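See structure below.
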Amino acid sequence: MAANIEIYTWRTCPFCIRAKGLLKSKGVDFTEYSIDGDEVARDQMARRANGHRSVPQIFIDDQYIGGCDDLHALDSQGKLNPLLG
């Protein structure tokens, strides 16, 4: 079964673009929440992301993954594909 992937982004953020590129290269669908300038949405994201306010913030099946570097580290360690389903 495919994982539920959620990513909070800003449209022009290079780290967001890089994280989405990795997910797209894996051929998985994800839900993107573009929070550009929306402080209410950013506060909601931060509550889910253990206080982290930078973007991107990534969740797989409601498990907090972290940001772009965390996503790429999981991939390098061979741990991302099993999470993606």
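Brief remarks follow.
- Selection status of Asn50, assigned to a loop (DSSP other than H, G, I, E, B), open to solvent by 50 Å² or more (accessible area, probe 1.4 Å) and modelled with pLDDT of 95 or more: yes
- In the range 20-32, the residue that is most open to solvent (accessible area, probe 1.4 Å) out of those that are of a type in the set (A, V, I, L, M) and closer than 14 Å to Cys68 by Cβ is Leu22.
- Test: residue in the range 39-53 that is under 16 Å from Asn81 (Cα atoms), in contact with a helix residue (DSSP H, G or I) (Cβ under 8 Å, 6 or more places away or on another chain) and not hydroxyl-bearing (Ser, Thr, Tyr): no
- Restricting the range 38-47 to residues that are more than 19 Å from Asp70 (Cβ to Cβ) and of a type in the set (A, V, I, L, M, F, W, C), the residue that is least open to solvent (accessible area, probe 1.4 Å): Ala41
- The lone exception for Val55 - which of (1) under 19 Å from Cys16 (Cβ atoms); (2) part of a loop (DSSP other than H, G, I, E, B); (3) more than 11 Å from the chain's Cα centre (by Cα) it fails: (3)
- Looking only at the range 59-85, residues that are acidic (Asp, Glu) and either open to solvent by less than 80 Å² (accessible area, probe 1.4 Å) or in contact with a Phe, Trp or Tyr (Cβ under 7 Å, 6 or more places away or on another chain) (or both) come to 2 in all.
- One residue alone among Ile35, Ile17 is surrounded by fewer than 18 Cβ atoms within 10 Å (Cβ to Cβ) and among the β-branched types (Val, Ile, Thr), and that residue is Ile17.
- Among (1) free of Cβ contacts under 8 Å to residues at least 60 places away in the same chain; (2) open to solvent by 60 Å² or more (accessible area, probe 1.4 Å), the one test that Pro56 misses: (2)
- In the range 1-14, the residues that are open to solvent by less than 20 Å² (accessible area, probe 1.4 Å) and either under 19 Å from Gly78 (Cα atoms) or without any contact (Cβ under 8 Å) to a residue 40 or more places away in the chain (or both): Ala3, Ile5
The values are calculated or read from the model by the stated rules, or taken from the named source; none is laboratory data. This structure is a prediction, so every number in the text was calculated from the model and none was measured. Positions of Cβ are generated from backbone atoms using ideal geometry, with glycine treated the same way; all protein chains shown enter the neighbour counts. Accessible surface areas use protein heavy atoms only, side chains included; no ligands, DNA or RNA. Shrake-Rupley method; radii C 1.70, N 1.55, O 1.52, S 1.80 Å.
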